[in-house]
Amino acid sequence: MKVNRINGPMYLQIKEILKDRILHGVYALDTNIPSEPLLEEEFNVSKVTVRNAIKELVQEGYVEKKSGKGTRVIANGSIVKLSKGKRFTELLVEEGHFIFKKMLNISHLELSSDSKLHSLFGDHCISIERIYLLDNEPYIYFTHYVSLDLNQNELDKVQINSLYRFLEDHNVKLEAFRDEFGVTIPPDHICEALNIEHNSAVLKRIRISSDGDGNVKEYSEGYYNTTKQNYIVTYNEPIQ
């Protein structure tokens, strides 16, 4: 995987990639992350860059580094809560699953006045399509529409590990989330991506995310293949 100086300090980019892998079970609790030489080769960076990335993870409490024993994962939950949308995948990781996220497409959309998105974003927005693999099997197909002023040339250089961290890096702070759930038959291309029969019903989640001023910054549609895993919601307080 390549990192790009245009996107900021490379050691921080690598740190965020490694953290995302820890949070999604690619690097499991009580196991070692790849050695420094392997990370240098993967990201095509210097030893100093890799060591600085690992140093950040140590300081944030995700890993510990011991001479001769490698770098071991000691925490796989968000120490600082980044978003409410993180909770579901964290729970799956805690249960022993791992999740891999793959970006399928990112593009600039011009919106017509009769589009349902026009009332949220105006004349244009960014479309991001991603698929989540649960234990190497297609599980969730997401399409995110976000309010960002990036041209296609800038988008071609984008790599997204955490969507909400990507938005924060572009000064989009999300404070409120509204989820709607229903059962629907997804479009054919989503059925194919999820490896399910055409005309099969799946769980659909619509999320509308807003900043502190109430402005909608993200609208997303997620299709879940719940034959592989139910959607899980946990509560910290008793239900009234």
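Taking all protein chains together, 115, 35 sort by accessible area into 35, 115, largest first [probe 1.4 Å].
Solvent-accessible area per residue for the stretch 1-45 at a 1.4 Å probe radius, Å²?
Values: 2330 Å² over 45 residues.
The answer is 52 Å² per residue.
Each residue was assigned an accessible area with a 1.4 Å probe, and for residue 145 the value is about 40 Å². Here the contact order of the stretch 1-81, divided by its residue count and restricted to Cα pairs under 8 Å and six or more residues apart, works out to 35 percent. Note on the stretch 163-240: semi-axes of the ellipsoid equivalent to its C-alpha gyration tensor, largest first and rounded to whole Å, are 27, 18, 11. Model label points for residue 55 and residue 105, set 7 angstrom from Cα along the Cα-to-Cβ axis, are 4.3 nm apart. With all protein chains in place and a 1.4 Å probe, the accessible surface of the chain carries 46 percent carbon and sulfur. Diffusion coefficient of the stretch 95-138 by Stokes-Einstein, Kirkwood radius over Cα pairs, 10 °C, 1.306 mPa s: 127 µm²/s.
First obtain the Kirkwood hydrodynamic radius of the stretch 84-240 from its Cα pairs, then insert it into the Stokes-Einstein equation at 20 °C and 1.002 mPa s, and state the resulting D in µm² per second as a whole number.
Details: Rh = 16.8 Å.
Reported coefficient: 128 µm²/s.
Within a straight-line Cα-Cα reach of under 30 Å, residue 217 can be paired with the following lysines, leaving aside sequence neighbours fewer than 8 residues apart in one chain: 2, 15, 19, 81, 84, 86, 101, 102, 116, 157, 173, 204. The alpha-carbon atoms of the stretch 94-187, seen along their principal axes, cover 44, 33, 27 angstrom, with the largest extent given first.
Residue 36 sits among other residues whose Cβ lies under 12 Å from its own Cβ, and their net charge, with Lys and Arg +1 and Asp and Glu -1, is +1. Candidates 125, 91, 109 compared by Cα position along the dipole of the stretch 82-141: farthest toward the positive end lies 91, with charges placed on Cβ.
So what's the convex hull volume per residue for the Cα atoms of the stretch 1-52, in Å³?
Once divided by residue count, the hull of the stretch 1-52 is 74 Å³.
What is the dipole size for the stretch 1-159, taken about its Cα centre, with +1 at each Lys and Arg Cβ and -1 at each Asp and Glu Cβ, in debye to the nearest 20?
On the way: 21 positive and 22 negative charges, 129 e Å.
Roughly 620 debye for the stretch 1-159.
The values are calculated or read from the model by the stated rules, or taken from the named source; none is laboratory data. All figures in this text were calculated on a predicted structure; none of them were measured in a lab. Cβ coordinates were reconstructed from backbone atoms using ideal geometry, including for glycine residues, and neighbour counts include every protein chain displayed. Please note that ligands, DNA and RNA were not included when accessible areas were found on the heavy atoms of the full protein model with its side chains. Shrake-Rupley method; radii C 1.70, N 1.55, O 1.52, S 1.80 Å.
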